[in-house]
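Engineer: One structure, pasted below without further comment.
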Amino acid sequence: MTVDELAVRVGLPGSTIRMYQTKGVLHPPRRQGRVAFYDASHVERLTLVQRLQSRGFSLPAIAELVKAREQGASVAQVLGVGDEEGPDDWVRVRVRDIRRLVPMGDVRPRLLVRALQLGLLRWRRGWPHTRRWALEAGGRLAGLNVPCDDVLDSFEKLRRATDGIAADFVEVFERRLWPALADGAAEDDQLDRMRALLVELTYTAETAVVGTLRESIRDAAEEFARRHRLVPNDDFRPAWVEEPVPIAEHVVRTEEDELPDEPTIQRFLDRGDEQDEPVR
């Protein structure tokens, strides 16, 4: 297509198409002499530009998105929740690292193949790479002589669980936060607003997941101790149980934990924080 044919196809003036090229949101056409020819990729790009503009993204923001994607960046990297320096960055795994990660010294290619299939490893330029947190966690587990197959089994289960958690939080973003972004389509900083919301949601999700995991581990440890008779019987009551608990951090789960009904909870809410007497 010539620029005039492209303009008719996408419903834009030819001057706008040339401006998009100048701004870096549209890749150059193929030239034959003095004539520029456009193809389906230009139609697709212009459709994307129009869609993003309708949702409040400025041309500089669109150019940033387009350039990052052309350079192979993920959406997470563009939005600031990707491969930052720190525990999430990718590091090269050397042979000595692998031998340290395999407690029994049985380094087999199938282990690396499975790690690659699970996404725990990536192969780049002839070297395996992994996230820094994975390398450090693997080193700790190796120090405990946990077999690699058990580690990979656990990671596979964990990834399924975290995929579900991530889907839930993205659904919340799409249902509750994205409409507000769409309503602010006249804003010029739409990419920055979206980036800020996603970063905040990511940190919130991390806090909630880590806190919930700690609670689950505490409960699992309690159950493990009871199953192996590592704690006194349920009828044993130390003296400190009868003493008042000074701060909430010292509250422990006992058989006396209550599950109040809704009227009791409503009385607690209606009372407010003015009284110290418990609600019955």
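Engineer: Taking the stated definitions as given, is TRP123 open to solvent by 70 Å² or more (accessible area, probe 1.4 Å), at pLDDT 85 or above, touching a Lys or Arg at 6+ places or on another chain (Cβ under 8 Å) and over 30 Å from LEU197 (Cβ atoms)? So that I can check it myself, show each step before the final result.
Structural biologist: On the way: open to solvent by 70 Å² or more (accessible area, probe 1.4 Å): yes; at pLDDT 85 or above: yes; touching a Lys or Arg at 6+ places or on another chain (Cβ under 8 Å): no; over 30 Å from LEU197 (Cβ atoms): yes.
No, not satisfied.
Engineer: With the requirement that a residue be acidic (Asp, Glu) and not in a helix (DSSP H, G or I), what does segment 28-46 give you?
Structural biologist: ASP39
Engineer: Modelled with pLDDT under 85, among the charged types (D, E, K, R), surrounded by 12 or more Cβ atoms within 10 Å (Cβ to Cβ) and closer than 30 Å to PRO60 by Cβ, is that true of ARG195?
Structural biologist: Numbers: modelled with pLDDT under 85: yes; among the charged types (D, E, K, R): yes; surrounded by 12 or more Cβ atoms within 10 Å (Cβ to Cβ): yes; closer than 30 Å to PRO60 by Cβ: yes.
For ARG195, the condition - modelled with pLDDT under 85, among the charged types (D, E, K, R), surrounded by 12 or more Cβ atoms within 10 Å (Cβ to Cβ) and closer than 30 Å to PRO60 by Cβ - is met.
Engineer: Further, regarding this structure: Out of the residues in segment 126-149 meeting the condition of being assigned to a loop (DSSP other than H, G, I, E, B) and among the hydrophobic types (A, V, I, L, M, F, W, C), tell me which one is least open to solvent (accessible area, probe 1.4 Å).
Structural biologist: Our first condition is that a residue be assigned to a loop (DSSP other than H, G, I, E, B); within segment 126-149, this holds for 126, 144-147.
Right, trim to among the hydrophobic types (A, V, I, L, M, F, W, C) and you get 144, 146.
Values: LEU144: 127, VAL146: 43 Å².
Here the answer is VAL146.
Engineer: Okay, next question. One residue is enough: does segment 65-74 have a residue meeting the conditions farther than 21 Å from ASP192 by Cβ, loosely packed, with under 13 Cβ neighbours inside 10 Å and in contact (Cβ under 8 Å) with a residue 24 or more places away in the chain?
Structural biologist: Step one: filter segment 65-74 for residues farther than 21 Å from ASP192 by Cβ, giving 72.
Next, only the ones that are loosely packed, with under 13 Cβ neighbours inside 10 Å stay: 72.
Restricting the remaining residues to those that are in contact (Cβ under 8 Å) with a residue 24 or more places away in the chain gives none.
Scanning segment 65-74 turns up no residue that is farther than 21 Å from ASP192 by Cβ, loosely packed, with under 13 Cβ neighbours inside 10 Å and in contact (Cβ under 8 Å) with a residue 24 or more places away in the chain.
To keep it simple, each residue is scored yes or no on (1) loosely packed, with under 14 Cβ neighbours inside 10 Å; (2) assigned to a loop (DSSP other than H, G, I, E, B); (3) modelled with pLDDT under 80.
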residue: MET19; (1), (2), (3): no, no, no
residue: THR22; (1), (2), (3): yes, no, no
residue: VAL25; (1), (2), (3): no, yes, no
residue: LEU48; (1), (2), (3): no, no, no
residue: ARG51; (1), (2), (3): yes, no, no
residue: VAL81; (1), (2), (3): no, yes, yes
residue: GLY86; (1), (2), (3): yes, yes, yes
residue: MET104; (1), (2), (3): yes, yes, yes
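The values are calculated or read from the model by the stated rules, or taken from the named source; none is laboratory data. Small disclaimer: the values here were computed from a predicted structure and weren't measured. Glycine gets a Cβ as well: all are built from the backbone with ideal geometry, and neighbour counts include every protein chain shown. To get the accessible areas, we keep the full protein, side chains included, count just its heavy atoms, and leave off ligands, DNA and RNA. Shrake-Rupley method; radii C 1.70, N 1.55, O 1.52, S 1.80 Å.
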